[in-house]
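For reference, the structure discussed in these notes is given below.
Every number here is computed from the coordinates shown, using simple stated rules; none is lab data. Since we're looking at a predicted model, the values are computed, not measured. Cβ sites come from the backbone with ideal geometry, for glycine too, and all protein chains shown count toward neighbours.
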Amino acid sequence: SFTSAAGLTEPPKSIAVVGAGIGGTAAAFYLRQEFGPAVKIDVFEPDAVGGRLATVKIGEFEYETGGSVIHPLNLHMKHFIEKLGIPSRKNLPSKMAIFDGKELVFEESDWFIVNFFRMLWRYGFSFLRMQMWVESVLDKFMRIYQYQQFGYSFTTVERLLHAMGGDSFLTLMNQTLEEAMMGEGFSQVFINDIVAPVTRVNYGQSVRINGFVGAVSLAGADSGLWAVDGGNKRVCTGLLYNSKSELIPAKVTSISVKVRPSKKGSSVSLYEVNYVGDSGSAHSLYDIVVVATPLHQGKSDITFSGFAPPIPSHYPGLYHQTVATLVHGKLNVSYLGTSEPASDFTVSEILTTDSKGCTINSLGCLDPVHIPNGYRRPSAGHSAVWKVFSPQPLSPEQLREMFLSYDSVSEARWLAYPTYRPPHRKTPPFILHDRLYYLNAVEWAASAMEMSAIAARNVALLAHHRWHQQVTKIDQEDLHTRLRGEL
Ligand SMILES: Cc1cc2nc3c(=O)[nH]c(=O)nc-3n(C[C@H](O)[C@H](O)[C@H](O)COP(=O)(O)OP(=O)(O)OC[C@H]3O[C@@H](n4cnc5c(N)ncnc54)[C@H](O)[C@@H]3O)c2cc1C
Ligand SMILES: CC(C)=CCC/C(C)=C/CC/C(C)=C/CSC[C@H](N)C(=O)O
C-alpha cells in the first residue's frame, strides 16, 4: 500500500540514499530539487565519497584511477560543474597508437590530414561512417534531456531506452557490437583493428559487448572529451554539499518494511534502514529509499526483508574486473616493438588489439587532475606516470618488461562495469518496491558517469510523481513525437 504519515499531498519527511558515488550524490541533488527544502536526506557511504570516481597521489600530483573522461554531450555532468562552479581541467593534446602484443600496428601522426589519408587508404570511408553511426545513436540518446526537462520518467531501463531510440535501441541491446556493425556494413578487419581496441580500453571487453554499450564506448573515443579540474570526484562532494544532505559514514546492511499506526488512525508503511559505522550499528526509518550501488555479487551485500515478492541481495549478472595500475617510471619503448628513441616517442595513449599476446588492455601516459601553468607532459625518455588497464594484476615480471625503471606502483582493483553478454536479459527494475528505488539498473545498458546521472534524475522524478500520484508523467509512449517543437 502506498500511504504516508502526512498524507500523499505533503512532501515526504525523510529520504535515504545508499551510496555516495556520482549516482547517489546526483540522486540527492535531484531529490532536493523535486521535494524541496524541508525533507531530510541522509546519504550512506562507508568508503570515500565518489565511489568509482577516485584519485591517488603520486609525488606532488593526483591522478584519476577510476572514471576519467566525460563526453562533450554529457549534459548532466556539464550542468553539475556549472552549477557547482568547478572548472573543467585544461586539455593537453594526445596521440594514440595501437599495439598487437608484438609491435605498434598503427601510430597517429601529429597531422590531422596524414591520419585522415592513412585511414582512408586502409579502411576506405569506414572510419567516417563509424563516426556517423555513433553520432546517429547520440542524436537519439540526447532526447532523454528533453524528456527529463519536461518531468517524464520511466520505470525500467528498457522503457527509458525505447523512449530514446525506439526499437533500434532495444535491438542494439540484443546484439553484439560486432553483429550490429557488421549489419551496418563494416568489415571484420575494421572491427578487429579499430573497434576492438576501443572496447578493450573502455570496457575491458571484446566486440561481443552489446551494441548499445558498444556505441557508448565508441563515443568515449570521440574528440573533445573532458575531465573535472581537481578530480571528477569533486562533483560528488559538491552535489552532496549543494543538496544539503547529511553524509552518514556507514554501510547499509539491510532494508525492511515496517508498518506503523498513523496519527489519523490508519497505518503507514516506512522503510527501516539498518547500518553499521564506526560507532556500531543503528537503524532509522524513511519514507523513501534510493539504492545507488550495484546489487551484484562483490559490489554490495544488502539484505531486503519483509518484501513480497522478495527482493534479492544480488541480481543475476557479474561485474567485470579491471585493474588500473599506475606506475611512475620510465617506459621501455622496445616492449612496444618500436625502434624509435624513447626521447622521440610522444604517443600518450596505447590501445591494444584482441590478440593472444596482449595481456594488457591499454597503456596511457597520465596527466594530473590539475594541470599547473607551464606543465608539459614528459616524453617517454623521462619518468612519467603511466596507467595500465589489465584484466589481472600485473606481475613483477610484466612490470620489469614494460618499464626500464620505476619508483612507485599503485594498484586499484575495480569490479568496474557489468560483463556485457547479449542477448540482453531483462534488467532489474528502477522500482524495487512502492517507494524503494534502484538506480544502477541502468549500468546494464551502459556504465558511465552520465548514465548514473540520468538514472539519478529519472529515479528522483519517479519518486516525486509516485508520491504525488502523477501517473501522466510515468512511462509515456511516443514522447519524441508529442514533444516535437516544444523546446
Ligand atoms: C577503471 C574505470 C574507468 C572508468 N572510466 C570511465 C570514464 O572514463 N568515463 C565514464 O563516464 N565512466 C567511467 N567509468 C564508469 C563510471 O566510473 C561509473 O559508471 C560510475 O562512476 C558509477 O557511479 P555510481 O555512483 O553509480 O556507482 P559507484 O561509484 O560504484 O558508487 C556506489 C557507492 O555505493 C557505496 N556502497 C556500496 N555498498 C554500500 C552499502 N551497503 N551501504 C552504503 N554504501 C554502499 C560504494 O562504496 C560506492 O561509493 C569507469 C569505471 C572504472 C572502474
Ligand atoms: C553516456 C554517453 C552518451 C557517453 C559517454 C562516453 C564515455 C565517456 C565513455 C567512456 C566509458 C568508460 C567506462 C571509459 C573507461 S576508460 C576511459 C579512458 N579511456 C581511460 O583510459 O581512462
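Computed values, structure above
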{"item": "Within-11-Å neighbourhood charge of Lys95 [Cβ basis; K, R +1; D, E -1]", "result": "-3"}
{"item": "Listed residue (Ser187, Ser300, Asn74) projecting farthest to the positive dipole end of the chain, Cβ model", "result": "Ser300"}
{"item": "Loop-located GluC sites (Glu not before Pro) in the stretch 47-153 whose Cβ has at most 15 other Cβ within 10 Å (DSSP)", "result": "Glu60, Glu103"}
{"item": "Least to most buried among His382, His433 (fewest other Cβ within 10 Å first)", "result": "His382, His433"}
{"item": "Stretch in the chain that is longest and holds no chymotrypsin sites (Phe, Trp or Tyr not before Pro) that DSSP places in a loop and that have at most 11 other beta carbons within 10 Å", "result": "126-487"}
{"item": "Descending Cα extents along the principal axes, the chain, whole Å", "result": "83, 52, 39"}
{"item": "Ranked list, fewest to most other Cβ atoms within 10 Å of each Cβ, for His314, His424", "result": "His314, His424"}
{"item": "Calculated from backbone phi, Karplus (6.51, -1.76, 1.60) coupling profile of the stretch 358-372 in Hz, x at Gly/Pro", "result": "8, 8, 10, 8, 5, 8, x, 7, 8, 9, x, 5, 10, 9, x"}
{"item": "In the stretch 392-482, trypsin sites (Lys or Arg not before Pro) in a DSSP loop with at most 13 other beta-carbon atoms within 10 Å", "result": "Arg425, Lys426"}
{"item": "Cβ-based net charge around Ala196, under 9 Å, with every Lys or Arg adding one and every Asp or Glu removing one", "result": "-2"}
{"item": "Mean separation of Cα contacts under 8 Å (6+ apart) over length of the stretch 37-78, as relative contact order %", "result": "24"}
{"item": "Amide H contacts of Ser262 (H built 1.01 Å from N, under 5 Å, at least 5 apart or other chain)", "result": "Ser267, Val268"}
{"item": "Within straight-line cross-link reach of Lys251, aspartates and glutamates at Cα separation under 13 Å, skipping those fewer than 8 residues along the same chain", "result": "Asp42, Glu45, Asp47, Asp278, Asp301"}
{"item": "At q = 0.22 Å⁻¹, base-10 log of I(q)/I(0) for the stretch 354-433 (Debye sum, equal scatterers on each alpha carbon)", "result": "-1.21"}
{"item": "P(r) of the stretch 326-400 over all Cα-Cα pairs, binned every 10 Å from zero, in whole percent", "result": "17, 51, 28, 5, 0"}
{"item": "Percent RCO, i.e. relative contact order, over the chain, from Cα pairs under 8 Å lying at least 6 residues apart", "result": "26"}
{"item": "Packing-based exposure ordering (other Cβ within 10 Å, fewest first) of Arg200, Arg234", "result": "Arg234, Arg200"}
{"item": "Contact order normalised by residue count of the stretch 112-270, Cα under 8 Å, 6+ apart, percent", "result": "15"}
{"item": "Estimated inter-spin distance, Phe307 and Tyr335, nm [label 7 Å along Cα→Cβ]", "result": "4.5"}
{"item": "Helix axis angle, 75-84 relative to the chain longest principal axis, alpha carbon, degrees", "result": "80"}
{"item": "With 5 Å bins from 0: P(r) over the stretch 286-385, alpha-carbon pairs, percent", "result": "2, 9, 14, 15, 11, 9, 8, 8, 9, 7, 4, 3, 1, 0"}
{"item": "Cα shape, the stretch 160-210, gyration tensor, a/c 1.5 rule", "result": "oblate"}
{"item": "Fraction of beta bridges assigned by DSSP in the chain that are antiparallel (%, nearest 5)", "result": "70"}
{"item": "The chain: angle of helix 126-141 to the longest principal axis, Cα-based, in degrees nearest 10", "result": "10"}
{"item": "Under-5 Å amide H pairs with Val105, H placed in peptide plane, nonlocal only", "result": "Ile98, Phe99, Asp100"}
{"item": "Calculated from backbone phi, Karplus (6.51, -1.76, 1.60) coupling profile of the stretch 302-310 in Hz, x at Gly/Pro", "result": "9, 8, 10, 10, x, 9, 10, x, x"}
{"item": "Point-charge dipole on Cβ atoms (K/R +1, D/E -1) for the stretch 89-193, about Cα centre, debye to 20", "result": "400"}
{"item": "Modelled FRET efficiency - R0 25 Å, Ser136 with Gln470, Cβ distances, 0.05 increments", "result": "0.15"}
{"item": "Tilt relative to the chain, helix 157-174 - C-alpha long axis, 0 to 90 degrees, to 10", "result": "40"}
{"item": "Table column - 3J(HN,Hα) (Hz), the stretch 201-206, Karplus curve with 6.51, -1.76, 1.60, x for Gly and Pro", "result": "5, 8, 10, x, 10, 8"}
{"item": "Long-range HN-HN contacts of Tyr417 with modeled amide H, under 5 Å", "result": "His320"}
